[in-house]
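K.L.:
One structure is given below, represented as structure tokens, and several questions about it will come after.
The values are calculated or read from the model by the stated rules, or taken from the named source; none is laboratory data. Bear in mind the structure is a predicted one, so any value in this text is a computation, not a measurement. All Cβ positions, even for glycine, are placed from backbone atoms using ideal geometry, and neighbour counts span all protein chains on display.
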């Protein structure tokens, strides 16, 4: 930990010295320009083919009626959008997506903070083992976790039901009950990605100089006061960043939801990604226009959060700057 | 002398006493951690049980008798041996491509100003938040036109082509901080553009490379959607995550075989994590720090 | 015909998913890899019939020598098959013959260059039933494109029971109740004996329970198919028959006679519970025997079957289905369509038909072979029931093949009946009748927009194509074509 803080400070040094040196002007003319573009080539090609082009194409698809395998793409203007907006199930999936976010984000941000603070205390034994244990779900394959969890939560013969049965609650159908399915999925999601946010917080906590605590303790501050007057203010900029990062990650939950509930029961866990999949791939005759329109709308939603994220990063950095 | 001893003992006692709450806390946490990793323990135990014993349910983790046959079934009949090799191939190559291409791009963008560099950066940042799942349809189309749809190389290209703007930006941020003198020294030594990068700059950026490699690794190993779509007509090219899904669809009663398949898919990545833990942790915390 | 294709697609996919790749337990050389389709001397064959996996693997070997070509059979999991076939089509890599899983109406398949005309030897052609050649379903402009495989006399909704469980509860498995009250009593006795009484595949996309509700609505007196009334040509999901059926399921659900979890079960999940002996009763298609056997072989000796349930014992459980749809196509890319036709023709041989029966899946066209086959009694009983009670229904596409255009413009209407059942049992929907009325209206509106588009594209279609005033219950519809 000490080595890291040293490293950090060294890096900051470097930053201040090199701030003006960052940008070079072209000197060797064409040769250098060539190399620059050679260096950029892989990114230009791959990025162009697999990111830029698809984005443009999605916009086009959202304006046509097309089943994806005929050559016949018929331009229909905004009618796909009209249909998407008129579909109560689209709004349902919109609602489910936001609800899921509301369930997940506060729990994930706050519980992980708590755990990170516990696991950051130098006096705690077995700290390495514990950190690893809480992190392990992160590295495991989400699609496989989804499948395994369906067995773990099986109301007839899964282990969770066995425990509940011993406690006197018989056969709770977590994934099949309309009220429980989304919360159950949320709990699993928190469990799966708990480690990521925990590491975020650990990194944040380690930026707080230990001397600050020492000094405060000498002044007679108690644990709560330490938390209230040192930890919390120091963590505030990180809170913004971590919250927005977590919100962003929450949008990408197709793998887990699809393998866990595939949107059921009765659309109660149908997040927008599954809604899109249903129209694009799971319909007897794929409706790519409709799916693409929904995708564009969702893309805009994510973009708004993305803009928020940039703003948060900026604000976070400014807040941190002020503290120095 | 007696007084001294008492003081010493009470000192030690106090020290032990003061450590006691921590040990209790640790024990509680170990309990929580066991519940935390219970699904994995359960999967491991299930993978060694008889299928019928699985259905009878219960909490007992220790199997009545060990059925190693489950692994043979998952490895051979359900082709998880092959899926594992596919996954490793795809992941390793993707990690290499992503790391190299992002380092190259991040480097030039950070160190040189050229016509279009601002625009380039602007486009990258603008697409930072494009969710890849929704652009899948055109990705399939274009792969088809390039005759890459039914191949691992097509899957690798698609996986390494999408997103990863944050990786470029990480390199960008890092290379910007490196003092210019270093580069100049290299130039004085007679190193050209390419050698400066590979022998001076890239080694300097090791921490970023570790971050990018680890994040790409996790993302690629766990990728589900792209491999799913790329292997529809070539079941032999499936990765483990897609293979698992297919296994469930095709042999629904074989819970223990599925558990074995799950263990086969998860063990390599867990082992890797245990050995490279530091990089995983630094890789992820890098996202907050910069 | 959208409905038609959908139904056959669902039926097929359901049984394929459920069938649990027989080959998975056999040797590794049956890997999923495909040998290059279309090359001369090689006949590539793709399908999604999991219960026939072994049969077809063997048949490919057998026919390799008969046709002097290398017949390469590849099985695709039904949930992946449509996408796989679509991708292969776009990449011009379609196999010589492939099963009908894409879900497009025939006219679209022809115009999209998916299919090649099938040439069959005359003696084989004469073996096929007359109603297997239907303009718009298997034929277009008099040319045969789709090869029918399955009899129309089948059902998705028979009652299947585990004799052990029923015996333990003091019930007679050879006399499964045919009406609602009797069935509910029997389930109550199972529950009383400490057994899980019933499971249904209500979950996943709700496609299976949707088909079953449609069937049960017919036995409960709905004069139509998938909400569409034969005599009026109007959608009437809010008909009393639908309400009766769904309320009955709700009753079973509220009495806790349906196994917990069923609301989230796909067909495979539900059948797995049944085949492994975790639950005593399962409502499933005629293919239940074959599908369960593939999951857990010992179940076969414990199976008994009943009928499609009807509200009261005095009702005749009549069901109505459309003409046999296409089972296989020959690909437009095929380098050797003649040999492909011969391979298809070989499916009509008694040997292959017997193989199909022994797999106890969807019954083949030639039902006469069932009685003397090695299939179990429960399967034979199911086939007998279907033979006596399933009738040919009138179809707009038969009356006016131009209706294919309309089908091509139809869009999925959600929530469909299956979703509604899921929502009603789970408590998300309180006013069932209102929800069904909404479905009728939405389906009507969708048909109207499709009709309008088809007319705009020059098709001569009208709403009258859906009206069959001369339809009579309890007999095959043979009205004017």
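K.L.:
For residue C:329, are the conditions met, namely being within 14 Å of another protein chain (Cβ to nearest Cβ) and buried (at least 24 other Cβ atoms within 10 Å of the Cβ)?
P.N.:
no
K.L.:
If I ask for residues that are within 18 Å of residue C:229 (Cβ to Cβ), in a loop (DSSP other than H, G, I, E, B) and in contact (Cβ under 8 Å) with a residue 60 or more places away in the chain, which ones from the range C:401-431 would you list?
P.N.:
C:410, C:416
K.L.:
OK, next. Go through (1) farther than 23 Å from residue A:102 by Cβ; (2) within 12 Å of chain C (Cβ to nearest Cβ) one by one and return the number of the condition residue A:174 breaks.
P.N.:
(1)
K.L.:
Restricting to the range C:237-272, name every residue that is out of contact with any helix residue (DSSP H, G or I) (no Cβ under 6 Å at 6 or more places or on another chain) and assigned to a loop (DSSP other than H, G, I, E, B).
P.N.:
Correct list: C:239, C:255, C:256, C:259, C:260, C:261, C:265, C:266.
K.L.:
Name the one entry in C:357, C:376, C:420 that is within 14 Å of chain A (Cβ to nearest Cβ) and either over 30 Å from residue A:287 (Cα atoms) or at pLDDT 90 or above (or both).
P.N.:
C:420
K.L.:
What's the total number of residues in the range C:119-133 that are in contact with a strand residue (DSSP E or B) (Cβ under 9 Å, 6 or more places away or on another chain) and either in contact (Cβ under 8 Å) with a residue 40 or more places away in the chain or in a loop (DSSP other than H, G, I, E, B) (or both)?
P.N.:
7
K.L.:
A follow-up question, please. Just a yes or no: is a residue in the range B:262-280 assigned to a helix (DSSP H, G or I), within 30 Å of residue C:290 (Cα to Cα), touching a residue at least 12 places away in the same chain (Cβ under 8 Å) and within 10 Å of another protein chain (Cβ to nearest Cβ)?
P.N.:
So far as the range B:262-280 goes, yes, one or more of its residues are assigned to a helix (DSSP H, G or I), within 30 Å of residue C:290 (Cα to Cα), touching a residue at least 12 places away in the same chain (Cβ under 8 Å) and within 10 Å of another protein chain (Cβ to nearest Cβ).
A quick yes/no check of all residues on (1) closer than 22 Å to residue C:206 by Cβ; (2) surrounded by 24 or more Cβ atoms within 10 Å (Cβ to Cβ); (3) within 14 Å of chain B (Cβ to nearest Cβ):
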site: C:272; (1), (2), (3): yes, yes, yes
site: C:276; (1), (2), (3): no, no, yes
site: C:287; (1), (2), (3): yes, yes, no
site: C:294; (1), (2), (3): no, yes, yes
site: C:303; (1), (2), (3): no, yes, no
site: C:313; (1), (2), (3): no, no, no
site: C:323; (1), (2), (3): no, no, no
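K.L.:
So if I check each of C:297, C:324, which one is under 19 Å from residue C:157 (Cβ atoms) and either in the same structural domain as residue C:246 (by TED's automatic domain parsing) or at pLDDT below 95 (or both)?
P.N.:
When all the criteria are applied, what remains is C:324.
K.L.:
Of the residues A:278, A:228, which single one is out of contact with any helix residue (DSSP H, G or I) (no Cβ under 6 Å at 6 or more places or on another chain), in a helix (DSSP H, G or I), more than 23 Å from residue A:197 (Cα to Cα) and more than 11 Å from chain B (Cβ to nearest Cβ)?
P.N.:
A:278
K.L.:
For the list (1) over 24 Å from the mean Cα position of the chain (by Cα); (2) under 27 Å from residue C:85 (Cβ atoms), I need the number of the one condition that residue A:54 fails.
P.N.:
(1)
K.L.:
Can I ask one more? Which condition does residue C:478 not pass, out of (1) loosely packed, with under 14 Cβ neighbours inside 10 Å; (2) part of a helix (DSSP H, G or I); (3) in contact (Cβ under 8 Å) with a residue 24 or more places away in the chain, if it passes all the others?
P.N.:
With respect to (1) loosely packed, with under 14 Cβ neighbours inside 10 Å; (2) part of a helix (DSSP H, G or I); (3) in contact (Cβ under 8 Å) with a residue 24 or more places away in the chain, residue C:478 is out only on (2).
K.L.:
Filter the range A:167-182 for residues that are at pLDDT 80 or above and surrounded by fewer than 16 Cβ atoms within 10 Å (Cβ to Cβ); which is nearest to residue C:260 (Cα to Cα)?
P.N.:
A:179
K.L.:
Only one residue in C:134, C:119, C:74 is within 14 Å of another protein chain (Cβ to nearest Cβ) and either over 30 Å from residue A:283 (Cα atoms) or surrounded by 23 or more Cβ atoms within 10 Å (Cβ to Cβ) (or both), so which one is that?
P.N.:
Among C:134, C:119, C:74, only C:74 is within 14 Å of another protein chain (Cβ to nearest Cβ) and either over 30 Å from residue A:283 (Cα atoms) or surrounded by 23 or more Cβ atoms within 10 Å (Cβ to Cβ) (or both).
K.L.:
Which condition number in (1) surrounded by 15 or more Cβ atoms within 10 Å (Cβ to Cβ); (2) assigned to a helix (DSSP H, G or I) is the one that residue A:211 fails?
P.N.:
So residue A:211 meets the others, but not (1).
K.L.:
Pairs under 8 Å by beta carbon, first residue facing chain A (nearest Cβ under 8 Å) in the range B:153-172, partner outside any helix (DSSP H, G or I) and crowded, with 21+ Cβ neighbours inside 10 Å, six or more apart or different chains?
P.N.:
That search, which allows pairs on different chains as well, returns B:163/B:130.
K.L.:
If you don't mind, there's one more thing I want to ask. Residues C:182, C:188, C:194: which one is surrounded by fewer than 22 Cβ atoms within 10 Å (Cβ to Cβ) and free of Cβ contacts under 8 Å to residues at least 60 places away in the same chain?
P.N.:
C:194
K.L.:
Out of C:206, C:146, C:170, report the one residue that is buried (at least 24 other Cβ atoms within 10 Å of the Cβ), in contact with a helix residue (DSSP H, G or I) (Cβ under 7 Å, 6 or more places away or on another chain) and more than 27 Å from residue C:420 (Cβ to Cβ).
P.N.:
C:146
K.L.:
Let me ask something additional. In the range A:139-161, which residues are within 7 Å of chain B (Cβ to nearest Cβ) and at pLDDT 80 or above?
P.N.:
A:139, A:140, A:141, A:142, A:143, A:144, A:147, A:148, A:149, A:151, A:152, A:159
Quick grid of which residues meet (1) surrounded by fewer than 19 Cβ atoms within 10 Å (Cβ to Cβ); (2) within 13 Å of chain A (Cβ to nearest Cβ); (3) over 23 Å from the mean Cα position of the chain (by Cα); (4) modelled with pLDDT under 95:
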{"position": "C:336", "(1), (2), (3), (4)": "no, no, yes, yes"}
{"position": "C:396", "(1), (2), (3), (4)": "no, no, no, yes"}
{"position": "C:415", "(1), (2), (3), (4)": "no, yes, no, yes"}
{"position": "C:425", "(1), (2), (3), (4)": "no, yes, yes, yes"}
{"position": "C:439", "(1), (2), (3), (4)": "no, yes, no, no"}
{"position": "C:443", "(1), (2), (3), (4)": "no, no, no, no"}
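K.L.:
Considering B:186, B:191, which residue is surrounded by fewer than 22 Cβ atoms within 10 Å (Cβ to Cβ) and outside any helix (DSSP H, G or I)?
P.N.:
That would be B:191, the only listed residue that is surrounded by fewer than 22 Cβ atoms within 10 Å (Cβ to Cβ) and outside any helix (DSSP H, G or I).
K.L.:
Further question: I'd like to verify a number: residues in the range A:56-88 that are assigned to a helix (DSSP H, G or I) and buried (at least 17 other Cβ atoms within 10 Å of the Cβ), how many?
P.N.:
The number of residues fulfilling the criteria is 7.
K.L.:
Can you pull out the residues in the range A:205-216 that are in contact with a helix residue (DSSP H, G or I) (Cβ under 7 Å, 6 or more places away or on another chain) and free of Cβ contacts under 8 Å to residues at least 60 places away in the same chain?
P.N.:
Those that are in contact with a helix residue (DSSP H, G or I) (Cβ under 7 Å, 6 or more places away or on another chain) and free of Cβ contacts under 8 Å to residues at least 60 places away in the same chain: A:208, A:212, A:213, A:216.
K.L.:
Right, something else. Within the set of pairs 6+ apart or on separate chains, which have a first residue in the range B:228-240 that is at the interface with chain C (Cβ under 8 Å from one of its Cβ atoms) and farther than 20 Å from residue B:260 by Cα, a second that is modelled with pLDDT of 80 or more and outside any helix (DSSP H, G or I), and C-beta atoms under 8 Å apart?
P.N.:
Within 8 Å, the pairs are B:234/B:151.
K.L.:
Hey, any hits in the range A:252-270 for a residue that's in a helix (DSSP H, G or I), over 23 Å from residue A:85 (Cα atoms) and more than 14 Å from chain B (Cβ to nearest Cβ)?
P.N.:
There is no residue in the range A:252-270 that is in a helix (DSSP H, G or I), over 23 Å from residue A:85 (Cα atoms) and more than 14 Å from chain B (Cβ to nearest Cβ).
K.L.:
Within the range B:147-172, track down each residue that is at pLDDT below 85, part of a helix (DSSP H, G or I) and more than 12 Å from residue B:212 (Cα to Cα).
P.N.:
B:161 - this is the single residue of the range B:147-172 that is at pLDDT below 85, part of a helix (DSSP H, G or I) and more than 12 Å from residue B:212 (Cα to Cα).
K.L.:
Scan the range B:111-141 for residues that are modelled with pLDDT of 80 or more and more than 7 Å from every other protein chain (Cβ to nearest Cβ) and report the count.
P.N.:
So the count comes out to 10.
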